[in-house]
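Trainee: My questions all concern the structure below.
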């Protein structure tokens with residue numbers, strides 16, 4: 001459950017804040033010595049919780065179809081350019097309302113990496129493989145899953161739509177064939 | 001339009017600089033640059049500040065630094081081009097002087113990454129690319145993006161782990177001699193090979209560190225420069241380029257297109273032979289945020305043909321005495337990579353190289369042509385700045 005992950009993180013933060021409050025109470029200032037150097041540091045007493053709200057109206061069809069298990073790109077009627085990530089404007093032709101086209105079939109893995117040192121917001125996952133695969137006109141960046149012995153540049157992959165746990169939201173991944 | 005010269009340089013000690021705050025750190029470099037140039041703050045008609053921030057508290061670093069360094073009320077702006085923000089700041093000040101709008105300008109680069117815990121910094125740098133389609137769902141990290149290049153390069157050209165190790169060992173060899181460097185110690189190939197993976201195939205010792213630091217240069221027009229110094233270092237040419245935000249919109253992961261383009265612009269402007277530019281350049285600083293990036297830089301700058309950058313590394317051709325000395329200040333890998341400061345730091349290192357003022361004899365390249373080249377890449381080939389410095393006045 002994602003709530004467990006969040007609770008654990010909040011608990012860590014609460015612990016640090018508790019120590020800071022104690023220090024401030026004792027000394028009158030939120031200033032503490034950096035363990036390695038002893039340099040006095042002022043610990044910010046103001047919080048900033050960042051969670052952006054990103055508009056997706058213009059590409060909402062992508063998410064509607066994702067719910068049905070499909071990964072869509074957009075295609076410009078005029079010049080034929082296919083866009084993935086999908087976008088509703090073709091800057092080359094200066095046209096909008098592009099048509100939608102499913103990214104399907106076999107793709108070829110162009111490159112990949114295994115992320116061991118993770119950002120804190122990904123720390124609850126085991127090490128993950130991120131790759132870029134070519135599907136005809138477009139390439140897709142996503143997690144690569146499947147037998148590790150098949151993991152190499154040039155491997156065949158297919159797109160798969162499934163739930164990302166523990167968050168429980170629908171996303172896509174590359175499956176090694 | 002006038003020629004533009006560097007008439008003063010300043011550089012702070014790089015490292016974990018929790019002994020100072022952002023503006024105090026900037027002042028260390030600004031003060032040195034003012035003293036070297038022998039100018040007063042009131043002479044600086046414009047100053048640009050390269051700073052990426054977000055991990056440090058000040059959202060308006062240019063004015064905070066302007067106030068602290070007594071550069072107010074001259075015009076300023078904070079410049080962002082990811083890891084090339086320093087070169088972008090240099091470009092701002094350079095263009096201000098070149099256009100004739102300012103006679104004297106200053107470019108400052110500063111970054112204080114240790115105001116946030118390392119994990120927060122990892123989180124923030126990982127978001128540099130296309131936030132939604134690369135980070136939000138797939139948690140790419142900065143080493144991860146370059147690892148995608150390393151995997152593709154290894155696959156196509158047979159690059160080995162040890163080849164990358166050669167780059168790291170060289171960086172630390174020179175970093176050990178640089179009193180401004182974050183890591184002033186040598187490393188062995190054995191230590192390199194044993195270091196832990198961060199984003200396969202890249203290891204901890206393939207990676208530049210999280211660093212605090214500042215650098216500054218005073219720039220002047222030709223007319224003014226001649227009044228202040230007998231040894232100006234000219235900005236002979238600068239080339240710029242950009243790459244797509246999404247790496248998936250690129251097709252070749254063995255070259256940084258933006259850097260190739262920027263290098264070609266520079267060579268064309270300076271009439272440097274594109275087939276063997278190293279013959280006309282004495283020393284270079286390239287953007288080795290990760291070891292793979294240095295090997296790709298050799299090729300993008302045409303120091304080696306495509307696929308042969310690894311040969312330069314294997315044959316140790318980029319040490320002093322080789323084909324072309326590269327990163328003899330320790331590079332980003334050992335000198336450190338305070339993101340917004342790096343581009344200006346390259347300008348300082350190279351200006352001092354050209355004037356035979358390297359802080360240590362062992363890291364002084366032989367200067368025959370009077371030319372040095374800086375290659376500064378922002379993000380993963382998202383921004384590219386290539387700058388040519390020369391002791392000869394352009395146009396002569």
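Values in this text are rule-based calculations from the coordinates and carry no lab data. The shown structure was predicted, so the numbers you read here are calculated from the model rather than taken from an experiment. Cβ sites come from the backbone with ideal geometry, for glycine too, and all protein chains shown count toward neighbours.
Trainee: Along each principal axis of its Cα atoms, how long is chain A end to end? Whole angstroms, biggest number first, please.
Mentor: Computed over the Cα atoms, the extents are 69, 43, 31 Å.
Trainee: Another question, then. Along each principal axis of its Cα atoms, how long is the protein assembly as shown end to end? Whole angstroms, biggest number first, please.
Mentor: 72, 67, 53
Trainee: Just to be sure I understand the curve: with the Debye formula and one point per C-alpha of chain B, what is log10 I(q)/I(0) at q = 0.06, 0.07, 0.11 Å⁻¹?
Mentor: The Cα Debye sum returns log10 ratios of -0.20, -0.27, -0.69.
Trainee: Same structure again: Note down the nm distance, to one decimal, between modelled labels 7 Å out along Cα→Cβ at residue A:23 and at residue B:191.
Mentor: 3.1 nm
Trainee: Another question, if that's okay. Normalise the Cα radius of gyration of segment A:54-102 by 2.2 N^0.38 Å (N = residues in it) and let me know the number.
Mentor: 1.09
Trainee: For chain B, what does the helix formula give at 222 nm: sum of -39500 (n - 2.57) over DSSP H segments with n ≥ 4, over the residue count, nearest 500 deg cm²/dmol?
Mentor: Result for chain B, helices only: -10500 deg cm²/dmol.
Trainee: Next up: Considering the convex hull of the alpha carbon atoms of segment B:1-103, report its projected area averaged over all viewing directions, in nm², one decimal.
Mentor: Over all viewing directions, segment B:1-103 projects a mean Cα-hull area of 6.5 nm².
Trainee: Taking the beta-carbon count within 10 Å as an exposure proxy, list B:77, B:106, B:274, B:261 from fewest neighbours to most.
Mentor: By the 10 Å Cβ count, ascending, the order reads B:274, B:77, B:261, B:106.
Trainee: When only C-alpha pairs under 8 Å and at least 6 residues apart count, what is the relative contact order of chain B, in percent?
Mentor: 25 percent.
Trainee: Send over the per residue convex hull volume for segment A:72-127, Cα only, as a whole number of Å³.
Mentor: 155 Å³
Trainee: When all C-alpha to C-alpha distances in segment B:272-396 are sorted into bins of 10 Å, what percent of pairs does each bin hold, rounded to whole numbers?
Mentor: Cα pair-distance distribution for segment B:272-396, in percent: 13, 49, 33, 4.
Trainee: Need the C-alpha centroid separation for segment B:342-385 versus segment A:17-47, integer Å.
Mentor: When both Cα centres are located, 40 Å separates them.
Trainee: Write down, largest first, the equivalent ellipsoid semi-axes of segment A:106-177 in whole Å, where each equals the square root of 5 times an eigenvalue of the alpha-carbon gyration tensor.
Mentor: Semi-axes (√(5λ), whole Å): 21, 14, 11.
Trainee: Where does each of A:18, B:170 land when they are ranked from fewest to most other beta-carbon atoms within 10 angstrom?
Mentor: Going from least to most buried by this count: A:18, B:170.
Trainee: Between residue A:125 and residue B:360, what FRET efficiency follows from the Cβ-Cβ distance if R0 is 45 Å, with the result rounded to 0.05?
Mentor: Using R0 = 45 Å, I get an efficiency of 0.50.
Trainee: Quick check: residue separation of residue B:1 and residue B:306 times 0.36 nm, minus the Cα distance between them. What number comes out in nm?
Mentor: Computed gain between residue B:1 and residue B:306 is 106.2 nm.
Trainee: Efficiency by 1/(1 + (r/R0)^6): what FRET value for residue A:68 and residue B:63, r their Cβ-Cβ distance, R0 = 56 Å, to the nearest 0.05?
Mentor: With a Förster radius of 56 Å, E is 0.65.
Trainee: For segment B:99-255, treating each Cα as an identical point scatterer without solvent, what Debye log10 I(q)/I(0) comes out at q = 0.10, 0.15 1/Å?
Mentor: -0.57, -1.08
Trainee: Could I ask something else about it? Order of A:117, B:49 from fewest to most other C-beta atoms within 10 Å?
Mentor: Fewest-to-most Cβ neighbours within 10 Å comes out as A:117, B:49.
Trainee: On to the next question. Taking the square root of 5 times each eigenvalue of the Cα gyration tensor, what semi-axes in Å does the equivalent ellipsoid of segment B:333-376 have, largest first?
Mentor: 20, 12, 8
Trainee: Next question, about the same structure. For segment A:123-137, list residues with backbone N below 20 Å from a point placed 7 Å from the Cα of residue A:49 toward its Cβ?
Mentor: A:123-124, by backbone N distance to the label point.
Trainee: Between residue B:316 and residue B:252, how high is the FRET efficiency from 1/(1 + (r/R0)^6) when r is the Cβ-Cβ distance and R₀ = 35 Å? Nearest 0.05.
Mentor: Efficiency, rounded to the nearest 0.05: 0.80.
Trainee: I'd like the distance between the alpha-carbon centres of segment B:206-250 and segment A:154-177, rounded to an integer number of Å.
Mentor: 42 Å
Trainee: Between residue A:165 and residue B:136, what is the label-point separation in nm under the 7 Å Cα-to-beta-carbon projection?
Mentor: Calculated label separation equals 2.4 nm.
Trainee: Taking N as the number of residues in segment B:89-168, what is its alpha-carbon radius of gyration divided by 2.2 N^0.38 Å?
Mentor: 1.63
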